[in-house]
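Structure, as C-alpha coordinates:
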Amino acid sequence: MKPTRSKLPSPSSAGRQTLGATVRIGPLTHIPPVLRELGFAPEAVLAGAGFDPAYFDDPDLPIPYVAASKLLAHCVASTRCEHFGLLVGARGDPSILGLVGFLLMSAPDVGTALQDLLNYLDLHDSGGVASLETRGGTSLLGFAVVEPDAQAIDQICDLSMAVGHNIMRTVCGPKWTPAEVLLPRKRPADSTPWTRVFRAPIRFEAGRSALAFPSRWLAHPVPAANPPLHRHLEREAAGVRSKLRPGFVGEVRRTVSGTIASGSCTSADIAQLLGMHQRTLNRRLLADGTTFKEIRDEVRYTMSRQLLGNTSMNLTEIAEALGYAEASAFLRAFARWSGQTPQRWRDARALARRHEPPP
(Lines give C-alpha, C1' and ligand atoms only; values in the text may rest on other atoms or scores of the structure.)
Protein backbone atom coordinates (compact mmCIF):
# COMPACT_ATOMS: atom_id res chain seq x y z
CA MET A 1 0.00 0.00 0.00
CA LYS A 2 1.56 3.28 -1.12
CA PRO A 3 0.20 6.83 -1.25
CA THR A 4 -0.97 8.01 -4.61
CA ARG A 5 0.37 11.24 -6.02
CA SER A 6 -2.72 13.17 -5.00
CA LYS A 7 -3.75 11.83 -1.61
CA LEU A 8 -2.90 9.62 1.33
CA PRO A 9 -4.19 6.06 1.68
CA SER A 10 -7.92 5.72 2.13
CA PRO A 11 -9.47 5.88 5.63
CA SER A 12 -9.94 2.12 5.57
CA SER A 13 -6.21 1.47 5.27
CA ALA A 14 -4.10 0.20 8.17
CA GLY A 15 -2.35 3.46 8.89
CA ARG A 16 -5.57 5.35 9.71
CA GLN A 17 -6.60 3.38 12.77
CA THR A 18 -7.18 6.54 14.81
CA LEU A 19 -10.43 7.10 12.91
CA GLY A 20 -13.34 6.47 15.24
CA ALA A 21 -11.39 7.80 18.25
CA THR A 22 -13.36 8.67 21.37
CA VAL A 23 -12.89 10.79 24.47
CA ARG A 24 -14.55 10.56 27.87
CA ILE A 25 -16.96 13.44 28.18
CA GLY A 26 -15.45 14.42 31.55
CA PRO A 27 -13.74 17.67 30.43
CA LEU A 28 -16.81 18.68 28.40
CA THR A 29 -19.12 18.47 31.42
CA HIS A 30 -18.01 22.05 32.09
CA ILE A 31 -19.55 23.29 28.83
CA PRO A 32 -23.03 24.03 30.29
CA PRO A 33 -21.71 26.18 33.19
CA VAL A 34 -19.37 28.05 30.84
CA LEU A 35 -22.30 28.78 28.53
CA ARG A 36 -24.27 30.13 31.50
CA GLU A 37 -21.28 32.22 32.57
CA LEU A 38 -21.21 33.79 29.11
CA GLY A 39 -24.94 34.56 29.28
CA PHE A 40 -26.26 31.79 27.04
CA ALA A 41 -28.89 29.14 27.74
CA PRO A 42 -27.10 25.76 27.57
CA GLU A 43 -30.28 23.99 26.43
CA ALA A 44 -30.58 26.18 23.34
CA VAL A 45 -26.90 26.09 22.36
CA LEU A 46 -26.51 22.35 22.93
CA ALA A 47 -29.74 21.59 21.07
CA GLY A 48 -28.30 23.41 18.08
CA ALA A 49 -25.46 20.88 18.08
CA GLY A 50 -27.80 17.93 18.59
CA PHE A 51 -27.08 17.39 22.31
CA ASP A 52 -29.34 17.12 25.33
CA PRO A 53 -27.90 18.72 28.52
CA ALA A 54 -28.48 15.41 30.34
CA TYR A 55 -25.74 13.93 28.15
CA PHE A 56 -23.20 15.81 30.28
CA ASP A 57 -24.29 14.30 33.61
CA ASP A 58 -22.03 11.23 33.37
CA PRO A 59 -18.30 12.13 33.05
CA ASP A 60 -17.41 8.54 32.08
CA LEU A 61 -19.62 8.57 29.00
CA PRO A 62 -17.54 8.24 25.79
CA ILE A 63 -18.18 10.59 22.90
CA PRO A 64 -16.77 10.31 19.36
CA TYR A 65 -13.78 12.61 19.07
CA VAL A 66 -15.06 14.26 15.91
CA ALA A 67 -18.45 14.91 17.53
CA ALA A 68 -16.74 16.48 20.55
CA SER A 69 -14.65 18.72 18.30
CA LYS A 70 -17.73 19.79 16.32
CA LEU A 71 -19.48 20.62 19.60
CA LEU A 72 -16.62 22.92 20.61
CA ALA A 73 -16.69 24.58 17.20
CA HIS A 74 -20.47 25.08 17.50
CA CYS A 75 -20.10 26.65 20.97
CA VAL A 76 -17.43 29.06 19.71
CA ALA A 77 -19.60 30.09 16.78
CA SER A 78 -22.69 30.46 18.97
CA THR A 79 -21.01 32.53 21.69
CA ARG A 80 -18.49 34.37 19.52
CA CYS A 81 -16.01 33.58 22.29
CA GLU A 82 -12.66 32.64 20.75
CA HIS A 83 -11.33 31.39 24.10
CA PHE A 84 -14.28 29.08 24.82
CA GLY A 85 -12.11 25.94 25.01
CA LEU A 86 -9.76 27.73 27.40
CA LEU A 87 -12.65 28.53 29.76
CA VAL A 88 -13.82 24.91 29.70
CA GLY A 89 -10.33 23.54 30.35
CA ALA A 90 -9.62 26.02 33.14
CA ARG A 91 -12.42 24.41 35.19
CA GLY A 92 -10.88 20.94 34.91
CA ASP A 93 -8.65 19.13 37.37
CA PRO A 94 -7.04 15.67 37.18
CA SER A 95 -10.24 13.97 38.33
CA ILE A 96 -11.92 14.74 35.00
CA LEU A 97 -9.53 12.18 33.45
CA GLY A 98 -11.17 9.45 35.52
CA LEU A 99 -8.93 6.51 36.39
CA VAL A 100 -5.92 8.17 34.72
CA GLY A 101 -6.33 11.30 36.82
CA PHE A 102 -6.54 9.44 40.13
CA LEU A 103 -3.53 7.33 39.11
CA LEU A 104 -1.27 10.32 38.57
CA MET A 105 -2.51 12.10 41.73
CA SER A 106 -1.36 9.11 43.81
CA ALA A 107 2.08 8.88 42.16
CA PRO A 108 5.18 9.29 44.36
CA ASP A 109 6.68 12.14 42.32
CA VAL A 110 5.89 14.43 39.42
CA GLY A 111 8.03 12.51 36.92
CA THR A 112 6.14 9.29 37.66
CA ALA A 113 2.81 11.11 37.49
CA LEU A 114 3.59 12.50 34.04
CA GLN A 115 4.80 9.10 32.84
CA ASP A 116 1.44 7.70 33.97
CA LEU A 117 -0.25 10.41 31.91
CA LEU A 118 1.79 9.47 28.84
CA ASN A 119 1.24 5.74 29.32
CA TYR A 120 -2.49 5.77 29.94
CA LEU A 121 -3.99 8.95 28.46
CA ASP A 122 -5.56 6.90 25.68
CA LEU A 123 -7.83 5.25 28.27
CA HIS A 124 -9.44 8.68 28.55
CA ASP A 125 -8.70 10.16 25.12
CA SER A 126 -7.86 7.97 22.13
CA GLY A 127 -7.83 10.93 19.72
CA GLY A 128 -4.93 12.76 21.36
CA VAL A 129 -1.47 11.96 22.66
CA ALA A 130 0.61 13.48 25.45
CA SER A 131 4.38 13.88 25.30
CA LEU A 132 7.18 14.83 27.68
CA GLU A 133 10.46 16.17 26.38
CA THR A 134 13.43 17.30 28.47
CA ARG A 135 16.03 19.63 27.03
CA GLY A 136 18.69 20.34 29.61
CA GLY A 137 17.04 22.18 32.45
CA THR A 138 13.68 22.62 30.70
CA SER A 139 10.90 20.09 30.21
CA LEU A 140 7.93 20.37 27.88
CA LEU A 141 4.63 18.65 28.59
CA GLY A 142 2.86 18.54 25.24
CA PHE A 143 -0.35 17.39 23.63
CA ALA A 144 -1.20 16.65 19.99
CA VAL A 145 -4.45 15.74 18.26
CA VAL A 146 -4.06 12.54 16.27
CA GLU A 147 -7.66 12.19 15.03
CA PRO A 148 -7.30 13.43 11.43
CA ASP A 149 -10.92 14.58 11.06
CA ALA A 150 -11.13 16.62 14.27
CA GLN A 151 -12.29 20.22 14.07
CA ALA A 152 -11.57 23.21 16.35
CA ILE A 153 -7.98 22.13 16.93
CA ASP A 154 -7.14 25.49 18.51
CA GLN A 155 -9.96 25.02 21.04
CA ILE A 156 -8.91 21.44 21.82
CA CYS A 157 -5.31 22.55 22.41
CA ASP A 158 -6.41 25.49 24.59
CA LEU A 159 -8.62 23.15 26.62
CA SER A 160 -5.91 20.49 26.94
CA MET A 161 -3.21 22.93 28.00
CA ALA A 162 -5.53 24.48 30.59
CA VAL A 163 -6.26 21.02 32.01
CA GLY A 164 -2.53 20.23 31.85
CA HIS A 165 -1.82 23.43 33.76
CA ASN A 166 -4.24 22.38 36.50
CA ILE A 167 -2.76 18.88 36.58
CA MET A 168 0.71 20.33 37.12
CA ARG A 169 -0.49 22.61 39.91
CA THR A 170 -2.14 19.60 41.56
CA VAL A 171 0.91 17.32 41.46
CA CYS A 172 3.48 20.08 42.07
CA GLY A 173 1.58 22.35 44.42
CA PRO A 174 0.29 25.91 44.05
CA LYS A 175 3.78 27.41 43.71
CA TRP A 176 4.21 25.81 40.27
CA THR A 177 3.84 28.05 37.22
CA PRO A 178 4.97 27.34 33.66
CA ALA A 179 7.97 29.18 32.28
CA GLU A 180 6.13 29.48 28.95
CA VAL A 181 3.01 28.14 27.26
CA LEU A 182 3.13 27.19 23.57
CA LEU A 183 -0.12 27.24 21.59
CA PRO A 184 -0.65 26.37 17.89
CA ARG A 185 -3.23 29.11 17.25
CA LYS A 186 -3.33 32.57 15.76
CA ARG A 187 -2.46 35.41 18.11
CA PRO A 188 -5.75 36.80 19.47
CA ALA A 189 -6.50 40.52 19.51
CA ASP A 190 -6.66 40.32 23.30
CA SER A 191 -4.48 37.73 25.03
CA THR A 192 -5.75 38.59 28.53
CA PRO A 193 -7.90 35.41 28.93
CA TRP A 194 -4.86 33.22 28.30
CA THR A 195 -2.49 35.11 30.59
CA ARG A 196 -5.19 35.10 33.28
CA VAL A 197 -5.42 31.29 33.15
CA PHE A 198 -1.74 30.43 32.74
CA ARG A 199 -0.10 33.36 34.55
CA ALA A 200 2.91 32.95 32.28
CA PRO A 201 4.27 34.15 28.92
CA ILE A 202 2.25 32.75 26.01
CA ARG A 203 3.84 31.87 22.65
CA PHE A 204 1.07 31.94 20.09
CA GLU A 205 1.71 30.76 16.50
CA ALA A 206 3.75 27.86 17.94
CA GLY A 207 4.28 24.61 16.07
CA ARG A 208 2.96 22.58 18.99
CA SER A 209 1.00 22.85 22.24
CA ALA A 210 3.14 22.47 25.35
CA LEU A 211 3.80 23.72 28.87
CA ALA A 212 7.48 24.54 29.46
CA PHE A 213 8.77 24.30 33.03
CA PRO A 214 12.05 23.73 34.92
CA SER A 215 13.00 20.04 34.88
CA ARG A 216 13.76 20.07 38.60
CA TRP A 217 10.01 19.76 39.20
CA LEU A 218 10.10 16.18 37.90
CA ALA A 219 11.69 15.03 41.18
CA HIS A 220 9.18 16.93 43.31
CA PRO A 221 7.01 14.70 45.55
CA VAL A 222 3.29 14.68 44.76
CA PRO A 223 1.34 16.15 47.71
CA ALA A 224 -1.24 13.32 47.76
CA ALA A 225 1.27 10.54 47.06
CA ASN A 226 -0.05 7.14 48.10
CA PRO A 227 2.21 4.27 46.92
CA PRO A 228 -0.21 1.40 47.78
CA LEU A 229 -3.10 3.18 46.05
CA HIS A 230 -0.87 4.03 43.09
CA ARG A 231 0.10 0.37 42.66
CA HIS A 232 -3.54 -0.67 42.83
CA LEU A 233 -4.66 1.95 40.29
CA GLU A 234 -1.79 1.07 37.97
CA ARG A 235 -2.94 -2.56 37.98
CA GLU A 236 -6.47 -1.35 37.23
CA ALA A 237 -5.23 0.81 34.34
CA ALA A 238 -3.13 -2.04 32.95
CA GLY A 239 -6.17 -4.31 33.12
CA VAL A 240 -8.31 -1.86 31.20
CA ARG A 241 -5.50 -1.46 28.66
CA SER A 242 -5.25 -5.21 28.13
CA LYS A 243 -8.97 -5.39 27.33
CA LEU A 244 -8.73 -2.56 24.80
CA ARG A 245 -5.84 -4.21 22.94
CA PRO A 246 -4.83 -1.16 20.89
CA GLY A 247 -3.52 -2.12 17.45
CA PHE A 248 0.19 -1.97 16.75
CA VAL A 249 -0.19 0.52 13.90
CA GLY A 250 -2.24 2.78 16.13
CA GLU A 251 0.43 2.57 18.85
CA VAL A 252 3.15 3.52 16.37
CA ARG A 253 1.07 6.39 15.04
CA ARG A 254 0.47 7.79 18.53
CA THR A 255 4.18 7.53 19.30
CA VAL A 256 5.08 9.34 16.08
CA SER A 257 2.50 12.06 16.84
CA GLY A 258 3.97 12.62 20.28
CA THR A 259 7.56 12.66 19.03
CA ILE A 260 7.55 14.49 15.74
CA ALA A 261 7.71 17.99 17.26
CA SER A 262 11.00 17.12 18.98
CA GLY A 263 12.70 16.90 15.60
CA SER A 264 13.86 13.32 16.15
CA CYS A 265 11.38 10.97 14.54
CA THR A 266 13.04 8.22 12.52
CA SER A 267 12.06 4.58 12.49
CA ALA A 268 15.10 3.92 14.71
CA ASP A 269 13.88 6.54 17.22
CA ILE A 270 10.37 5.10 17.35
CA ALA A 271 11.62 1.51 17.60
CA GLN A 272 13.76 2.49 20.59
CA LEU A 273 10.80 4.18 22.29
CA LEU A 274 8.71 1.05 21.73
CA GLY A 275 11.48 -1.20 23.06
CA MET A 276 12.16 -3.15 19.89
CA HIS A 277 14.68 -3.41 17.07
CA GLN A 278 14.15 -1.24 14.00
CA ARG A 279 13.87 -4.32 11.79
CA THR A 280 11.14 -5.72 14.06
CA LEU A 281 9.21 -2.46 13.82
CA ASN A 282 9.39 -2.42 10.05
CA ARG A 283 8.51 -6.11 9.75
CA ARG A 284 5.42 -5.76 11.96
CA LEU A 285 4.23 -2.71 10.07
CA LEU A 286 4.62 -4.50 6.76
CA ALA A 287 2.60 -7.40 8.16
CA ASP A 288 -0.16 -4.87 8.91
CA GLY A 289 -0.04 -3.53 5.36
CA THR A 290 1.79 -0.26 5.92
CA THR A 291 5.26 1.24 6.45
CA PHE A 292 6.85 3.66 8.87
CA LYS A 293 7.18 6.29 6.14
CA GLU A 294 3.46 6.08 5.33
CA ILE A 295 2.52 6.51 8.99
CA ARG A 296 4.89 9.44 9.43
CA ASP A 297 3.53 11.03 6.28
CA GLU A 298 -0.04 10.65 7.55
CA VAL A 299 0.90 12.28 10.87
CA ARG A 300 2.69 15.10 9.07
CA TYR A 301 -0.29 15.64 6.78
CA THR A 302 -2.67 15.84 9.76
CA MET A 303 -0.37 18.22 11.66
CA SER A 304 0.33 20.37 8.61
CA ARG A 305 -3.39 20.95 8.04
CA GLN A 306 -3.81 21.86 11.71
CA LEU A 307 -1.00 24.42 11.53
CA LEU A 308 -2.08 25.81 8.16
CA GLY A 309 -5.66 26.20 9.32
CA ASN A 310 -5.15 27.45 12.86
CA THR A 311 -2.01 29.57 12.77
CA SER A 312 -0.38 32.23 10.62
CA MET A 313 2.98 30.44 10.69
CA ASN A 314 4.86 30.75 7.43
CA LEU A 315 5.64 27.62 5.44
CA THR A 316 9.27 27.50 6.55
CA GLU A 317 8.18 27.50 10.20
CA ILE A 318 5.61 24.78 9.55
CA ALA A 319 8.18 22.66 7.73
CA GLU A 320 10.54 22.99 10.69
CA ALA A 321 7.77 22.06 13.15
CA LEU A 322 7.13 18.89 11.12
CA GLY A 323 10.78 17.88 11.19
CA TYR A 324 11.74 18.78 7.60
CA ALA A 325 15.28 20.01 6.99
CA GLU A 326 14.09 22.20 4.10
CA ALA A 327 10.79 23.91 3.33
CA SER A 328 10.97 22.68 -0.28
CA ALA A 329 10.68 19.07 0.92
CA PHE A 330 7.50 19.95 2.82
CA LEU A 331 6.05 21.77 -0.20
CA ARG A 332 6.61 18.76 -2.44
CA ALA A 333 5.19 16.35 0.13
CA PHE A 334 2.06 18.41 0.78
CA ALA A 335 1.39 18.73 -2.95
CA ARG A 336 1.72 14.96 -3.28
CA TRP A 337 -0.69 14.34 -0.38
CA SER A 338 -3.36 16.90 -1.22
CA GLY A 339 -2.93 17.69 -4.90
CA GLN A 340 -2.33 21.39 -4.17
CA THR A 341 0.24 23.68 -2.58
CA PRO A 342 0.06 24.46 1.16
CA GLN A 343 -0.72 28.11 0.44
CA ARG A 344 -3.55 27.24 -1.93
CA TRP A 345 -4.97 24.83 0.68
CA ARG A 346 -4.73 27.54 3.36
CA ASP A 347 -6.42 30.13 1.12
CA ALA A 348 -9.25 27.73 0.24
CA ARG A 349 -9.77 26.90 3.94
CA ALA A 350 -9.93 30.58 4.87
CA LEU A 351 -12.45 31.25 2.08
CA ALA A 352 -14.64 28.33 3.17
CA ARG A 353 -14.66 29.61 6.74
CA ARG A 354 -15.78 33.06 5.66
CA HIS A 355 -18.75 31.53 3.85
CA GLU A 356 -19.81 29.17 6.64
CA PRO A 357 -23.43 29.82 7.68
CA PRO A 358 -24.00 31.04 11.26
CA PRO A 359 -25.21 28.43 13.81
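Tabulated data for the structure shown
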read-out	value
Number of positions in the stretch 133-177 that are closer than 30 Å to His74 by Cβ and not in a helix (DSSP H, G or I)	12
Count of residues meeting criterion [part of a loop (DSSP other than H, G, I, E, B) and among the small types (Gly, Ala, Ser)] in the stretch 275-307	2
Condition met for Ile63 (at pLDDT below 95, over 11 Å from Ile31 (Cα atoms), of a type outside the set (Ser, Thr, Tyr) and part of a helix (DSSP H, G or I))	no
Entirely in the stretch 206-274, the helices (runs of 4 or more DSSP H) that have 2 or more residues that are under 28 Å from Leu315 (Cα atoms) and among the hydroxyl-bearing types (Ser, Thr, Tyr)	248-259
Qualifying residue in the stretch 244-252 (condition: surrounded by 20 or more Cβ atoms within 10 Å (Cβ to Cβ), of a type outside the set (Lys, Arg) and touching a Lys or Arg at 6+ places or on another chain (Cβ under 9 Å))	yes
So Leu103, is it in contact with a Phe, Trp or Tyr (Cβ under 7 Å, 6 or more places away or on another chain) and more than 26 Å from Leu38 (Cα to Cα)	yes
Cβ pairs under 6 Å, 6+ apart, first in the stretch 166-187 and in contact (Cβ under 8 Å) with a residue 60 or more places away in the chain, second among the small types (Gly, Ala, Ser) and part of a helix (DSSP H, G or I)	Val171/Ala113
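Listed here are the residues, each with its yes/no results for (1) touching a residue at least 40 places away in the same chain (Cβ under 8 Å); (2) surrounded by fewer than 22 Cβ atoms within 10 Å (Cβ to Cβ); (3) in contact with a Phe, Trp or Tyr (Cβ under 7 Å, 6 or more places away or on another chain).
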| site | (1), (2), (3) |
| --- | --- |
| Gln272 | no, yes, no |
| Met276 | no, yes, no |
| Asn282 | no, yes, yes |
| Phe292 | yes, yes, no |
| Thr311 | yes, no, no |
| Ala319 | no, no, yes |
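The values are calculated or read from the model by the stated rules, or taken from the named source; none is laboratory data. Please read all numbers here as calculations on a predicted model, not as lab measurements. No Cβ is skipped: glycine too gets one built from the backbone with ideal geometry, and neighbour counts run over all protein chains shown.
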